[in-house]
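What follows is a short report on a single structure.
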Amino acid sequence: MLLTAALSLACGAPIGNDSPFIGGSCEKDRDCEYECAKGGDFPDGTCTVSCEEDRDCPGGTYCVDKDGGVCLLACGVDEDCRSDYSCKDTKREGHKGDAAVCIH
């Protein structure tokens with residue numbers, strides 16, 4: 001999975017609040033290029049990619065310690081995120097410290 005994601009990252013797959021790659025809403029995995037994270041942290045689901053550390057994620061995203069490691073959109077303010085999401089410091093996967101990402 002990570003190799004496939006890395007190949008897609010190399011091709012410059014788009015990210016953002018409407019992206020089926022990382023950041024867009026979803027109900028099922030098939031709504032996304034890779035997977036749909038669902039549950040309390042992800043109202044209306046969010047398209048993402050599994051990761052072990054930041055270098056597994058495209059620019060503009062961080063690998064965070066949710067669902068075993070997922071890439072989420074980086075943000076500076078709440079307005080950078082979809083509705084029902086906020087810009088929150090979240091524990092990073094594979095690195096020390098937190099990263100500001102769009103999450104519920």
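When GLY12, GLY59, GLY45 are screened for being part of a loop (DSSP other than H, G, I, E, B) and either modelled with pLDDT under 95 or surrounded by 15 or more Cβ atoms within 10 Å (Cβ to Cβ) (or both), only GLY12 passes. Residues in region 71-104 that are within 9 Å of the chain's Cα centre (by Cα) and not aliphatic (A, V, I, L, M) were compared, and the one that is farthest from ASP41 (Cα to Cα) is CYS71.
Looking only at strands (runs of 3 or more DSSP E) that fall completely inside region 64-104, which ones have 1 or more residues that are within 16 Å of LYS38 (Cβ to Cβ)?
Values: elements: 70-73, 86-91, 98-103.
By residue number, 70-73, 98-103.
Beta carbons closer than 6 Å, at least 6 apart along the sequence or on distinct chains, pair a first residue in region 11-37 that is on the phi < 0 side of the Ramachandran plot and touching a residue at least 60 places away in the same chain (Cβ under 8 Å) with a second that is crowded, with 20+ Cβ neighbours inside 10 Å and in a loop (DSSP other than H, G, I, E, B) for ASN17/GLY23.
The residues of region 62-80 that are surrounded by fewer than 13 Cβ atoms within 10 Å (Cβ to Cβ) and within 20 Å of GLY97 (Cβ to Cβ), listed by number, are GLY68, GLY76, VAL77.
Could you go through region 48-70 and let me know if any residue there is β-branched (Val, Ile, Thr) and over 10 Å from the mean Cα position of the chain (by Cα). If you could, list the steps in order and put the result at the bottom.
From region 48-70, those β-branched (Val, Ile, Thr) are 48-49, 61, 64, 70; that's our starting set.
Of the ones still in play, those that are also over 10 Å from the mean Cα position of the chain (by Cα) are none.
The answer is no, given that none of the residues of region 48-70 is β-branched (Val, Ile, Thr) and over 10 Å from the mean Cα position of the chain (by Cα).
Being among the hydroxyl-bearing types (Ser, Thr, Tyr), out of contact with any His (no Cβ under 6 Å at 6 or more places or on another chain) and at pLDDT below 95 is a description that applies to SER83.
The values are calculated or read from the model by the stated rules, or taken from the named source; none is laboratory data. Only a predicted model underlies this, so the values are computations on that prediction, with no experimental measurement involved. Glycine also receives a Cβ, built like all others from the backbone with ideal geometry; neighbour counts cover every protein chain displayed.
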